[in-house]
Amino acid sequence: KSMGVLEDWFKCNIVDKGLKDVVILLQEITQVQQQPEDIAVVHASTDNWRSKFVSLYADKLIPMAETIRGLDQAIADDLEEILILGGDTNASSGLWSPDTFTGSDPDGKWRRGQDLEFFLLENSLLSVNDVGAGPSFIPYDPTRSPSYIDMVASRGLHWVKTEMTDTIGDHRGILATFRTMGQQRKAKSRRDPRKTNWEVFDKSIGKVPILTPKVSSTKDIDDWAEKLMSSLRKALVVSTPKNKAAGKTRPTASWWTRELDQLRKKLKKAQRSLR
């Protein structure tokens, strides 16, 4: 069935700080919640699936720990199959940026990013930013550097595509496209090592020189390693048949339960007490 038309907007304009970010929503909105620390939550559903959209603004003047407590509250009792989280994190991380930590963190962005990373990982959220599209924050002040501080993360989706869009503000928009449609995925054929013809494998791999060449740089090592891996892949292809894929798609199992959710809460509470 149709997943609906993406035409409704929910604006996260919390307290007296004005509009911070926007989340695009489906028409089938079942519940809207307001959380503290500039976090907004919207539940949406169709006949086929349920989802939760969480929009956040992580104010750099507010400790990230407080923002994370708000996020914990936002996704509490979350049994939705789909969770989308996005917004301005005011934090840096290798999960949503191509930059790496250099040891200098005068504004605390990397420290804040580390705290948010832990939250994402413990809640099985995956950052889906296209870091190759460039920075998300382009300051008006030319003396300030662009940065990657806006992030979109998801859980329960098998396919998400994001792209940057220009806006009239200093933050670029992140447009996320995802498929629902019952979250079906095709069964893939795989090669079964138990059916490998080792005589054919040995014959193929025997064509590779045994001794490594003399190397004078790390590039030489990388080139040799790539040639070796390529030879192994070719040997696997010619010697190991694929299993036949199933003829139809199968829906993803919805295995998460309320009991597991309660256990996860207890685990997170214990982890915080150790920090």
The lone exception for Asp107 - which of (1) modelled with pLDDT under 85; (2) farther than 23 Å from Ala40 by Cα; (3) not hydrophobic (A, V, I, L, M, F, W, C) it fails: (1)
Selected residue (only one of Leu95, Leu85 is within 17 Å of Ala40 (Cα to Cα) and crowded, with 17+ Cβ neighbours inside 10 Å): Leu85
Selection count where residues are under 17 Å from Phe137 (Cβ atoms) and polar (S, T, N, Q), scope region 89-106: 5
Any hit, region 130-152, residues being under 11 Å from the mean Cα position of the chain (by Cα) and of a type in the set (Val, Ile, Thr): yes
Selected residue (criterion: surrounded by the fewest Cβ atoms within 10 Å (Cβ to Cβ)) from residues of region 115-141 that are within 21 Å of Phe178 (Cβ to Cβ) and aliphatic (A, V, I, L, M): Leu121
Checklist (1) among the polar types (S, T, N, Q); (2) surrounded by fewer than 14 Cβ atoms within 10 Å (Cβ to Cβ); (3) within 24 Å of Gly173 (Cβ to Cβ) applied to Ser147, failing item: (2)
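Going by the structure shown, is Asp150 in contact with a His (Cβ under 7 Å, 6 or more places away or on another chain) and at pLDDT 85 or above?
The answer is yes for Asp150.
Residues are listed down the side, and each one gets a yes or a no for (1) at pLDDT 85 or above; (2) over 30 Å from Arg50 (Cβ atoms); (3) touching an Asp or Glu at 6+ places or on another chain (Cβ under 7 Å):
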position: Ser127; (1), (2), (3): yes, no, no
position: Phe137; (1), (2), (3): yes, yes, yes
position: Asp141; (1), (2), (3): yes, yes, no
position: Thr162; (1), (2), (3): no, no, yes
position: Arg179; (1), (2), (3): no, no, no
position: Gly182; (1), (2), (3): no, no, no
position: Val215; (1), (2), (3): no, yes, no
position: Met229; (1), (2), (3): no, yes, no
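The values are calculated or read from the model by the stated rules, or taken from the named source; none is laboratory data. Treat the numbers as computed from the prediction; the structure is a model and nothing was measured. Using ideal geometry, Cβ is built from the backbone for each residue, glycine included, and neighbour counts are taken over all protein chains shown.
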